Amino acid sequence: MLSISGVPMLSVPRHLLTRCFPLPVLGALTLLLIACDANSQACESNVDCYVGESCVLGTCVLDEDPDLDVGSDTTEEDADTPYEDAGDTDQSDTDTHIPDGPPHPIAISAAMNVSCALLSDATVWCWGDNSASFISGGDDEALTPRKIDGFDGAVEIATANARLCARMQDGAVLCRGDGSNGSGTTLETKIDGGATRLSAGGFHMCATVGEDATLHCWGDNGFGQTGADGEQTAEPTPVEGASNIVHIAAGDFHTCASTDADQVLCFSDNYARQLGVEGGESLEPVTHPFFSPTTYPVFELVAGSTHTCALSESAEVWCWGDNTFGQLAIDTELLENSAEPDGVVADDALEKLAAGNHRTCGVGTAGRVFCWGQDHTETIQHVHAIPFLQGVTQLAIGQNHTCALTEDNAIFCWGANASGQLGINTRGDETEPGFAVVPSWED
């Protein structure tokens, strides 16, 4: 939410605005003010940017900026893509040209005890636990970020437990790590090309592939979370009945996705009702009955270990599934789990969500961070603001730690730090954000 002299301004989705726009002040009097947002904006597609901008390597850039070559495939029509077409990404949404200037983080990812960042020069850096051997250097852990060899040219990253995958500029997906998602230091090509979106669960990966954005998943399949037969899915396999996907939310033992028709599809384990329906597991996608274009169009979808949350186009947050640790922002004594989504309300309207393990966080319109569920020391069942953080554009949540990317390109992590996953060159835990991740890429 923008403000002038501390006066709150009405929040409007970015893809409907230019960087300078009239906004009415909320209150008894209707005033018309002109507000401008000069901050760089992280993005997944053009819909996250203002009118006249395009999403280039995860950052919104002006189409007319002479210092940035956004490529011939990125057009004014792309920048004005309406919301309902937001998920139909192709290579025009992830341009192959790299912005000028010093490299800086434009996207972050976290899982288990490791954290990673995608930089503006299309390189990938990680820190924390290295038991899967995908972090360079051969040590068991990295206390500060290290460049990951073989991932130059990445436009999106996804980190699972002991696994790292990246979507490349040509639409290929490369992976490293433990198990069927990779093999330690060996770099594997899981998808040759055509991938448009990537998501990591606890032990499996999913991507949308092709013009019809069909969901493909691979990795551990003990509960059917890849949508295929067998306990392991070695290669990306299409999920039957899951096409035209715009958002993917992969949990530990379940997978959900939303379509361009604002349907939410979920499959696999359902012991905590994380699929949004009653009954047992489903190896085929089931449609969540709560969401539709006329009720709550889905703007973003995320999943923790056994819970799922959606952010609607009208900035409403709904969560369902496991509430053992307050993941639904409801007293655990009142509700153990729920197939029906429960509304989550923060002090600020939320624009971005992230989930991991038993925790969910969101970025408010003023760049503040709000979280609920279990952190690394206790269960906090109500929505609470994280202190000392402002101007946050993106979040990533691991097993017991959380990271935030700010508009001035700094990363702050807090929580458990036994493996150095906070990136601050120590192993001590941090209950609140304090020290920024050491920017090793500047050395």
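The values are calculated or read from the model by the stated rules, or taken from the named source; none is laboratory data. Values in this document were obtained by computation on a predicted structure and should not be read as measured data. Reconstructed Cβ throughout: ideal geometry from the backbone, glycine too, with neighbour counts over all protein chains shown.
Restricting the range 226-247 to residues that are over 24 Å from Val298 (Cβ atoms) and assigned to a loop (DSSP other than H, G, I, E, B), which is modelled with the highest pLDDT? Looking at the filtered set, the residue picked out is Ala228. When the test is whether a residue is modelled with pLDDT of 95 or more, over 20 Å from Ala396 (Cα atoms) and not β-branched (Val, Ile, Thr), His216 passes it. So which residues in the range 396-414 are within 20 Å of Arg163 (Cβ to Cβ) and crowded, with 24+ Cβ neighbours inside 10 Å? Hits for the range 396-414 are Ala396, Ile397, Gly398, His401, Thr402, Cys403, Cys413. Only one entry in Thr287, Thr306, Thr255 is in contact (Cβ under 8 Å) with a residue 24 or more places away in the chain, among the β-branched types (Val, Ile, Thr) and surrounded by fewer than 19 Cβ atoms within 10 Å (Cβ to Cβ), namely Thr287. Exactly one residue out of Phe223, Phe267 is touching a Ser or Thr at 6+ places or on another chain (Cβ under 8 Å), surrounded by 18 or more Cβ atoms within 10 Å (Cβ to Cβ) and at pLDDT 95 or above: that is Phe267. Inspection of the range 302-325 identifies at least one residue that is of a type outside the set (Ser, Thr, Tyr) and on the phi > 0 side of the Ramachandran plot. Evaluation of Gly171 against the conditions (1) without any contact (Cβ under 8 Å) to a residue 40 or more places away in the chain; (2) farther than 25 Å from Phe223 by Cα shows that the sole unmet condition is (1).
For the range 183-198, the count of residues that are in a loop (DSSP other than H, G, I, E, B) and within 30 Å of Gly138 (Cβ to Cβ) is at least one. The set of residues in the range 382-391 being part of a strand (DSSP E or B), in contact (Cβ under 8 Å) with a residue 40 or more places away in the chain and surrounded by fewer than 19 Cβ atoms within 10 Å (Cβ to Cβ) consists of His382 alone. Only a single item in (1) without any contact (Cβ under 8 Å) to a residue 40 or more places away in the chain; (2) over 27 Å from His247 (Cα atoms); (3) among the polar types (S, T, N, Q) is not met by Thr379, and it is number (1). So, Val438, is that one buried (at least 20 other Cβ atoms within 10 Å of the Cβ) and out of contact with any Asp or Glu (no Cβ under 7 Å at 6 or more places or on another chain) or not? Spelling it out, it is not the case that Val438 is buried (at least 20 other Cβ atoms within 10 Å of the Cβ) and out of contact with any Asp or Glu (no Cβ under 7 Å at 6 or more places or on another chain). Tallying residues that are out of contact with any Ser or Thr (no Cβ under 6 Å at 6 or more places or on another chain) and under 14 Å from Ala242 (Cα atoms) within the range 182-212 yields 4.
Would you confirm whether or not the range 364-376 contains a residue that is crowded, with 24+ Cβ neighbours inside 10 Å and not hydrophobic (A, V, I, L, M, F, W, C)? Among the residues of the range 364-376, at least one is crowded, with 24+ Cβ neighbours inside 10 Å and not hydrophobic (A, V, I, L, M, F, W, C), which makes the answer yes. When every residue of the range 245-268 is checked against the conditions, none turns out to be among the aliphatic types (A, V, I, L, M), closer than 15 Å to Trp218 by Cβ and more than 18 Å from the chain's Cα centre (by Cα).
Residues in the range 160-196 that are surrounded by fewer than 24 Cβ atoms within 10 Å (Cβ to Cβ), at pLDDT 90 or above and among the small types (Gly, Ala, Ser): 4 in all.
If you check Ser199, Ser131, Ser120 for being at pLDDT below 95 and on the phi < 0 side of the Ramachandran plot, only one passes: Ser131. Counted as qualifying within the range 392-443 are no strands (runs of 3 or more DSSP E), as none has 2 or more residues that are modelled with pLDDT under 95.
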